[in-house]
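Every number in this text was worked out from the coordinates using simple rules, so none of it is lab data. Note that the structure is predicted; figures quoted are calculated from it, not measured. Neighbour counts are summed over all protein chains in view; Cβ atoms, including those assigned to glycine, are modelled from backbone coordinates with ideal geometry.
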Amino acid sequence: MLETKAQIKTPQDTNNVKIQIALLPMQAARLEITGTLGVSVASVLVLPRQIKIALHLDKTYIEGPANEKTLYPVFKQNISPRLLWKIIHDQNPADANWNCRLNELSKPVSCTHKDGTEAIWTYESPIKRRIEVKSRNFEMTWIFKDQLQMPQYQNETFVLSKPDGYREINIK
């Protein structure tokens, strides 16, 4: 279990959230996002080809492909799930769209996307790190604080189904 916190800024507002991440390496990531005073904001299941989201405040359940549009309801910005996946897995996101500079341990220090989005990493320890992602209309500072050992994951940890009473949206 990764304990993180993030500040997400858009032109409209700024939100501070706590993000707990249960990780099944290279297979699935479950993000539980809570806001001020522990209010549950969203549950997000990221799979290599699919994303499932339960937005608890407006009781909406979303399923869609692993692309930028699917994460829009969570971040109020199109965010690359591939970038989030690489950050969560502590990997270099370099590809045809991302140009990255690495440190002596081959960890990313700074990356620039062809659309101008920038990501900057600062490392305090192997677990503690700070990632700043900035684009024209979006800034996110994501701090990875701690990694806790969890007992065996339950089968339902990496399953996210439409909760009762939630409206459903399928993104194609």
Exercise for review: Hey, can you tell me all the residues within the stretch 65-115 that are assigned to a loop (DSSP other than H, G, I, E, B), within 22 Å of L31 (Cα to Cα), out of contact with any helix residue (DSSP H, G or I) (no Cβ under 7 Å at 6 or more places or on another chain) and not polar (S, T, N, Q)?
Suggested key: K76, H89, D90
Check your understanding: Is it true that S135 is in contact (Cβ under 8 Å) with a residue 24 or more places away in the chain and over 23 Å from A28 (Cβ atoms)?
Key -> yes
Revision key, fill the gap. Restricting attention to the stretch 116-143, the residues that are closer than 19 Å to L71 by Cβ and assigned to a strand (DSSP E or B) number exactly 12
Practice item. Give the number of residues within the stretch 85-114 that are without any contact (Cβ under 8 Å) to a residue 24 or more places away in the chain and either under 24 Å from L148 (Cα atoms) or out of contact with any strand residue (DSSP E or B) (no Cβ under 7 Å at 6 or more places or on another chain) (or both). Key: 11
**Study point:** Where a residue in the stretch 1-26 is closer than 16 Å to K134 by Cα and its partner, wherever it lies, is of a type in the set (D, E) and in a strand (DSSP E or B), with Cβ under 7 Å and at least six apart
**Key:** K9/E139
Revision key, fill the gap. Going through the stretch 21-49 in order, the residues found to be in contact with a strand residue (DSSP E or B) (Cβ under 6 Å, 6 or more places away or on another chain) and of a type in the set (G, A, S) are A22, A29, G35, S40, A42, S43
